[in-house]
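Enquirer: I have a structure here, written as structure tokens, and I will follow up with some questions on it.
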Amino acid sequence: MYPPPPPAPHRDFISVTLSLGESYDNNKSRRRRSCWRKWKQLSRLQRNVILFLLAFLVLCAFLSYTHLSSQWKALGGSPTEGERLRVEMPGLKPANPPVLPAPQKADASPENMLTMLPQKPWKHIRRGPPRLQIRAPNIDTKDGTQGEDKEQVAAPRDTRQEETPQRTVISWRGAVIEPEQGTELASPLPVLSHPGSPNARQKGVIEAFLHAWKGYCKFSWGHDELKPLSRSFSEWFGLGLTLIDALDTMWILGLKKEFEEARNWVSTKLNFEKDVDVNLFESTIRILGGLLSAYHLSGDSLFLRKAEDFGNRLMPAFSTPSKIPYSDVNIGTGVAHPPRWTSDSTVAEVTSIQLEFRELSRLTGVKKFREAVENVTRHIHSLSGKKDGLVPMFINTHSGLFTHLGVFTLGARADSYYEYLLKQWIQGGKTETQLLEDYLAAVQGIKAHLLRRSEPKKLTFVGELAHGRFSAKMDHLVCFLPGTLALGVHHGLPTEHMELALALMETCYQMNQQMETGLSPEIAHFNTFSQPGLKDVIVKPADRHNLLRPETVESLFYLYRFTGDRKYQDWGWEILQSFNKHTRVRSGGYSSINNVQSIHKPEPRDKMESFFLGETLKYLYLLFSDDRDLLSLDHYVFNTEAHPLPIWSPV
Ligand code: DMJ
């Protein structure tokens with residue numbers, strides 16, 4: 001009924017039969033016979049495939065053996081687990097690849113794809129040992145005869161030891177910046193051993209300092225600021241601000257007698273149990289910073305005790321809904337508050353107290369100091385409202401959000417945010433990569449949005465941006481930037497930052513040099529159009545005052561340290577002479593002036609700011625030194641008030 005099935009096509013199969021549980025028969029000849037019978041039953045193709053597989057296995061076994069034995073010989077021992085795995089699994093990557101992993105993405109914009117590798121060191125500066133004696137903290141070396149508090153502070157502990165910093169790699173525009181290893185306590189604490197006799201220019205600074213100090217001692221001893229013309233004083237916090245700000249300068253300049261007298265005042269008269277409001281930022285950078293530096297340089301634990309007391313009194317400022325601190329705190333009552341007209345704080349103020357509180361934490365072992373300020377850093381790191389790393393000028397203490405969005409400056413209210421990103425990264429032994437990321441992003445933001453060139457000299461300047469509109473206005477405060485950029489390059493950041501530093505240094509010098517008095521105005525505007533007879537720097541009547549600020553000479557100090565170019569010393573010398581000519585008051589002290597464009601009527605304002613002694617004269621003295629180990633920048637980082645703090649030693 002059905003057609004017969006078609007003949008089956010001929011096929012060869014390789015069949016593998018696993019016969020489990022077959023009983024063992026000890027009859028060898030029977031087993032041999034049945035194997036042979038089975039072999040004969042296989043087709044030719046089946047037999048060839050089996051023979052080929054066997055030959056391949058033998059070859060593999062032989063090759064593996066020779067490779068392994070040569071590796072063992074080379075290592076002189078048996079293979080490690082990792083090596084065994086790599087032999088067995090050739091695709092496995094080595095645990096420690098000899099090259100760094102591909103740089104992580106920092107900014108995907110095409111302009112940021114420029115290659116920066118390899119990092120060329122900028123005219124390498126010898127990084128010798130610091131000119132410091134290393135000795136244990138001096139627990140009350142002073143006699144304490146004036147009834148000072150003899151209570152001992154807890155021995156410095158390294159709170160950071162509890163953490164093992166992660167070794168991560170940051171990339172920026174293709175540059176790979178590898179953080180250094182973790183940090184350890186810089187203990188025993190270093191003490192400055194005073195170097196040989198000062199040179200002629202340094203003597204000029206000492207003379208200026210002593211003249212300023214004479215006025216302070218005569219007319220305002222123990223008060224905040226000297227009013228040199230009226231031969232009196234002004235109070236801001238009522239805490240001997242100038243005296244504390246000047247302590248480490250006296251130590252560095254070798255003014256031992258003056259230092260000793262000031263130290264006695266701190267010991268017997270400085271009392272923080274006072275119903276007085278202080279500005280958190282200003283008092284941190286000047287008082288806390290000043291006391292910590294005095295402690296490090298002198299080794300006198302009095303200063304650390306005072307610093308810890310003061311730090312504790314500032315802590316209520318951080319008790320806000322957002323943990324972004326209020327601008328002011330009463331150190332007697334512990335009541336903190338924002339300014340009367342707003343609940344905002346200034347961004348530079350809340351981000352430029354970290355070096356000091358972190359150091360206080362490290363020295364005392366009290367974690368809350370560090371935690372409070374690092375909360376702020378973390379919060380701002382992840383906050384929106386920035387423009388390519390540039391931050392707005394205000395932040396709200398309730399919401400924790402930036403306010404007054406869209407206005408960007410490197411001047412007042414934002415300046416030291418950028419400075420402290422870099423300096424904290426350095427302080428912490430270059431392990432905190434978020435700080436570095438933010439700093440590098442900000443430098444790119446400056447380049448992308450704030451740089452222009454003036455006419456006729458084509459000076460590079462840093463302007464401001466307000467809601468997309470560029471303004472050719474640059475505060476003298478911005479002149480911290482060349483020094484900070486150069487410091488970054490010294491610590492391994494892209495050498496292109498140095499090009500910008502050199503250009504901006506020239507600009508800051510011109511801001512002084514193009515004025516009749518040789519002193520910079522508080523704010524400069526730059527001429528960006530080519531018009532005959534116009535200079536690069538234009539000054540508006542309201543901006544032509546000079547407050548004896550340090551920023552130009554601060555940057556000159558860094559630039560001279562890193563380049564060795566003596567023109568920077570010469571520029572600093574010119575500026576010191578201009579201060580002497582136009583701001584010096586005969587009876588003692590120096591005064592800020594109203595008009596840098598008039599040599600006949602500079603109009604003294606009758607005030608000597610504490611930073612003239614704390615910063616301006618200190619940076620000038622260091623600028624004129626040819627000893628790179630005098631407060632070596634590999635061992636110290638200066639806070640924004642020029643108080644040197646130790647870099648936590650790399651392990
Ligand atoms: C100082 O108190 C500090 O340098 C601060 O960062 C800016 N203002 C003055 C000096 O100009």
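Matching residues to (1) closer than 30 Å to residue 570 by Cβ; (2) among the β-branched types (Val, Ile, Thr):
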position: 208; (1), (2): yes, no
position: 238; (1), (2): no, no
position: 276; (1), (2): no, yes
position: 279; (1), (2): no, no
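Enquirer: In region 402-414, which residues are within 16 Å of the ligand (Cβ to nearest atom) and not polar (S, T, N, Q)?
Expert: 410, 411, 412, 413, 414
Enquirer: Here is a further query. Test of understanding: among 423, 458, 430, which residue is free of Cβ contacts under 8 Å to residues at least 40 places away in the same chain and not polar (S, T, N, Q)?
Expert: Answer to the check: 458.
Enquirer: Restricting attention to region 319-356, report how many residues are away from the ligand (no atom under 16 Å from the Cβ), out of contact with any Phe, Trp or Tyr (no Cβ under 7 Å at 6 or more places or on another chain) and aliphatic (A, V, I, L, M).
Expert: The number of residues fulfilling the criteria is 3.
Enquirer: Name the one entry in 251, 236 that is modelled with pLDDT of 95 or more, open to solvent by 10 Å² or more (accessible area, probe 1.4 Å) and under 21 Å from residue 646 (Cβ atoms).
Expert: None of the others qualify; the one that does is 251.
Enquirer: Among the residues of region 526-551, write down those that are under 24 Å from residue 591 (Cα atoms), away from the ligand (no atom under 15 Å from the Cβ) and either in contact with a Ser or Thr (Cβ under 9 Å, 6 or more places away or on another chain) or open to solvent by 70 Å² or more (accessible area, probe 1.4 Å) (or both).
Expert: 537, 540, 541, 542, 544, listed by residue number.
Enquirer: Let me ask you something else. State the number of residues belonging to region 604-651 that are within 14 Å of the ligand (Cβ to nearest atom), small (Gly, Ala, Ser) and over 23 Å from residue 587 (Cα atoms).
Expert: Matching residues across region 604-651 total 1.
Enquirer: Next question. Residue under question is residue 502, and the condition is that it be in a helix (DSSP H, G or I) and open to solvent by 20 Å² or more (accessible area, probe 1.4 Å); does it hold?
Expert: The answer is yes for residue 502.
Enquirer: Still on this model: For the subset of region 219-275 comprising residues that are in contact (Cβ under 8 Å) with a residue 60 or more places away in the chain and hydroxyl-bearing (Ser, Thr, Tyr), which member is nearest to residue 548 (Cα to Cα)?
Expert: 242
Enquirer: Starting from residues that are assigned to a loop (DSSP other than H, G, I, E, B) and touching an Asp or Glu at 6+ places or on another chain (Cβ under 8 Å), keep the ones in region 414-455 and report whichever is farthest from residue 635 (Cα to Cα).
Expert: Filtering region 414-455 for residues that are assigned to a loop (DSSP other than H, G, I, E, B) and touching an Asp or Glu at 6+ places or on another chain (Cβ under 8 Å), the one farthest from residue 635 (Cα to Cα) comes out as 455.
Enquirer: Could I ask something else about it? If I ask for residues that are open to solvent by less than 10 Å² (accessible area, probe 1.4 Å) and over 14 Å from residue 643 (Cβ atoms), which ones from region 605-620 would you list?
Expert: Listed by number, the residues that qualify are 608, 612, 620.
Enquirer: Here is a further query. Would you mind stating whether residue 325 is open to solvent by 30 Å² or more (accessible area, probe 1.4 Å) and touching a residue at least 60 places away in the same chain (Cβ under 8 Å)?
Expert: The answer is no for residue 325.
Enquirer: For region 215-321, which fully contained helices (runs of 4 or more DSSP H) count at least 3 residues that are over 22 Å from residue 355 (Cα atoms)?
Expert: Where helices (runs of 4 or more DSSP H) fall fully within region 215-321 and carry at least 3 residues being over 22 Å from residue 355 (Cα atoms), they are 256-268.
Enquirer: For residue 455, indicate whether it is more than 16 Å from the ligand (Cβ to nearest atom) and not basic (Lys, Arg).
Expert: Against the criterion (more than 16 Å from the ligand (Cβ to nearest atom) and not basic (Lys, Arg)), residue 455 qualifies.
Enquirer: Something else: Among the residues of region 415-432, which ones are open to solvent by 20 Å² or more (accessible area, probe 1.4 Å) and within 16 Å of the ligand (Cβ to nearest atom)?
Expert: 415
Enquirer: Go through region 378-389 and report how many residues are over 17 Å from the mean Cα position of the chain (by Cα), open to solvent by less than 60 Å² (accessible area, probe 1.4 Å) and either free of Cβ contacts under 8 Å to residues at least 12 places away in the same chain or farther than 15 Å from residue 323 by Cβ (or both).
Expert: Count: 2.
One line per residue, one yes/no per condition, for (1) touching a residue at least 40 places away in the same chain (Cβ under 8 Å); (2) of a type in the set (Val, Ile, Thr); (3) open to solvent by 10 Å² or more (accessible area, probe 1.4 Å); (4) more than 30 Å from residue 309 (Cβ to Cβ):
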residue	(1), (2), (3), (4)
370	yes, no, yes, no
376	yes, yes, no, no
394	yes, no, yes, yes
413	yes, no, yes, no
434	yes, no, yes, yes
443	yes, yes, no, yes
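Enquirer: Pairs under 6 Å by beta carbon, first residue over 15 Å from residue 506 (Cβ atoms) and part of a strand (DSSP E or B) in region 468-480, partner within 16 Å of the ligand (Cβ to nearest atom) and open to solvent by 10 Å² or more (accessible area, probe 1.4 Å), six or more apart or different chains?
Expert: The qualifying pairs are 475/412; 475/523.
Enquirer: Among (1) assigned to a helix (DSSP H, G or I); (2) more than 15 Å from the ligand (Cβ to nearest atom), where does residue 598 come up short?
Expert: Unmet for residue 598, out of (1) assigned to a helix (DSSP H, G or I); (2) more than 15 Å from the ligand (Cβ to nearest atom): (1).
Enquirer: Hey, among the residues in region 465-484 that are open to solvent by less than 30 Å² (accessible area, probe 1.4 Å) and more than 16 Å from the ligand (Cβ to nearest atom), which one's farthest from the chain's Cα centre (by Cα)?
Expert: Selected residue: 472.
Enquirer: I'm trying to understand the selection: among the residues of region 341-368, which are of a type in the set (A, V, I, L, M, F, W, C) and either surrounded by fewer than 23 Cβ atoms within 10 Å (Cβ to Cβ) or not in a helix (DSSP H, G or I) (or both)?
Expert: 341, 353, 366
Enquirer: Go through the residues of region 562-585 one by one and say whether even a single one is assigned to a loop (DSSP other than H, G, I, E, B), within 16 Å of the ligand (Cβ to nearest atom) and not polar (S, T, N, Q).
Expert: No, that holds for no residue.
The values are calculated or read from the model by the stated rules, or taken from the named source; none is laboratory data. All figures in this text were calculated on a predicted structure; none of them were measured in a lab. Positions of Cβ are generated from backbone atoms using ideal geometry, with glycine treated the same way; all protein chains shown enter the neighbour counts. Surface areas here come from the heavy atoms of the whole protein model, side chains and all, with no ligands, DNA or RNA. Shrake-Rupley method; radii C 1.70, N 1.55, O 1.52, S 1.80 Å.
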